[in-house]
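*Asks:* Please see the structure below; I have some questions.
The values are calculated or read from the model by the stated rules, or taken from the named source; none is laboratory data. Since we're looking at a predicted model, the values are computed, not measured. In this analysis, Cβ positions are derived from the backbone assuming ideal geometry, glycine residues included, and neighbour counts consider all displayed protein chains. With ligands, DNA and RNA removed, areas are computed over all heavy atoms of the protein, side chains included. Shrake-Rupley method; radii C 1.70, N 1.55, O 1.52, S 1.80 Å.
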Amino acid sequence: MTTPSPLTAQQVQFFHEEGYLIVPDVFDPADLEPLRREMAVAIDAKARALQAEGKLTQLHAELDFDRRLAAIYRDSKENGEAIMRHLEGLRGGGFHAPEMFDVIAHPKLMAKVASLLGTEEIVSSSVYRLRPKLPNIGRGVVPWHQDSGYLATHCDKQMIITCWIPLVDATVENGCMQILPRTHRGEVSNHRTGGNAGFLVIEDQDLPDDPRKAITAACPRGGVVFMTNRTPHCSTPNYSDHIRWSVDLRYQSAEAPNNVGLWPEAIDAAGQADAAFYEKVNVACYPPEADFLVHSKKTPEAVTDYAEFVRRRAVYDQTKSSFSAYGRWKQSATPVK
Ligand SMILES: O=C(O)CCC(=O)C(=O)O
């Protein structure tokens, strides 16, 4: 394979000035095919399991990845939700497969992230989200927020890069993201709990700029939307006839606070790890999730492989961390009249 190209100096400058960067061709669309295929297999397996339990009658197996889950959801919200929960990738649960890890650690992505972080020593978080935004279903509409709203306060001034990767062309019609540019250098805005679908929300009066200045982050399959953790963004409804599939991943310098290599010595029946674990794990920007070294020039032998990635996700999933970003935000969202 040829050495993947870094970003140009102009792209890096744009990212640091604007707080985001859209690169339309990080991947060949074919690079994402194995992930799409494995996700389709996971949907099929869960749909068949629901059928075996007598909960689902129509498999819709004739429909492709971009339409099948929407048809299942239309027949039964419960079945659609069950499949989404099975996929979403929360903590150690949800969908994980070598094809997912291959995207997280993909050399083409690492080259771009290294350009933005200014280092080849890169830590990723096992927190990733697979987002099936179904046509005309409100659940996938994400209100204004900064990713820092979900992270620990001691990481407010760190650089944590979100890579938002569409698995279909993301367009205005199918609910791509909106981004408020040049606002990422200030403090973390006031977030409120109780936004759409339980997400945190920055209400308009708390946004660092007029939301009418937002840019529309359309991005083709193969592209990546890069954002900082303090870049306000949201996403809009899907008015198309297909699912807007995407995955979002997070990366930071190995110098930024993290829990790489930290394992709980023991976990009791109630899911409590040893006290030393909680004391140390709170240094991470998002303590409930296992960080791991994903790319390194200095110590390539220390880079985490898929088997260890799975082990770390599973062991962190068992620990009941007391950290909740929601505790940072006291006020709940203004009810919509
Ligand atoms: O995929 C979306 O609609 C929103 C994604 C998002 O908010 C994020 O990646 O932080």
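*Asks:* In the Gaussian network model of the chain, springs joining C-alpha atoms below 10 Å, which of Pro287, Pro300, Pro181 carries the largest mean-square fluctuation?
*Replies:* Evaluated over the chain, the most mobile residue of the options is Pro300.
*Asks:* Could you pull out every one of the lysines with an alpha carbon less than 22 Å from that of Lys298, ignoring same-chain neighbours closer than 8 positions?
*Replies:* Here the lysines satisfying the reach criterion relative to Lys298 are Lys108, Lys112.
*Asks:* For a test of the definition: using alpha carbon positions, the gyration tensor, and the 1.5 limit on a/c, classify region 238-317 as rounded, prolate or oblate.
*Replies:* Values: a/c = 2.09, a/b = 1.37, b/c = 1.52.
Oblate shape, in that a/c is at least 1.5 and b/c is the bigger or equal ratio.
*Asks:* Right, next: Would you tell me the accessible area of Cys234, worked out with a 1.4 angstrom probe on the heavy atoms of the protein chains, in Å² to the nearest 10?
*Replies:* 20 Å²
*Asks:* Accessible area per residue of the chain at 1.4 Å probe, in Å²? Display every interim value, and only then the final one.
*Replies:* On the way: 14900 Å² over 337 residues.
Heavy-atom accessible area per residue stands at 44 Å².
*Asks:* On the accessible surface of the chain, probed at 1.4 Å, how many percent belong to carbon and sulfur atoms?
*Replies:* Numbers: 7890 of 14900 Å².
Exposed carbon and sulfur together represent 53 percent of the surface.
*Asks:* To the nearest 10 square angstrom, what accessible area does Val103 show with a 1.4 Å probe?
*Replies:* 0 Å²
*Asks:* Tell me the label-point distance for the pair Glu62, Asp75, using the 7 Å Cα-to-Cβ offset, in nm and rounded to one decimal.
*Replies:* About 1.3 nm separates the two model spin labels.
*Asks:* Which whole-number percent gives the relative contact order of the chain, counting Cα pairs below 8 Å spaced six or more residues apart?
*Replies:* Values: 677 pairs, mean separation 84.1, N = 337.
The normalised contact order for the chain reaches 25 percent.
*Asks:* Next question. With just the Cα atoms defining each centre, how far is region 208-275 from region 52-73? Give it in Å.
*Replies:* 28 Å
*Asks:* Mind running the shape call on the chain? Use the C-alpha gyration tensor, a ≥ b ≥ c as the square roots of the eigenvalues: rounded below 1.5 for a/c, prolate if a/b tops b/c, oblate otherwise. Intermediate values should be presented prior to the final figure.
*Replies:* Working: a/c = 1.21, a/b = 1.11, b/c = 1.09.
It comes out rounded by the Cα gyration axes.
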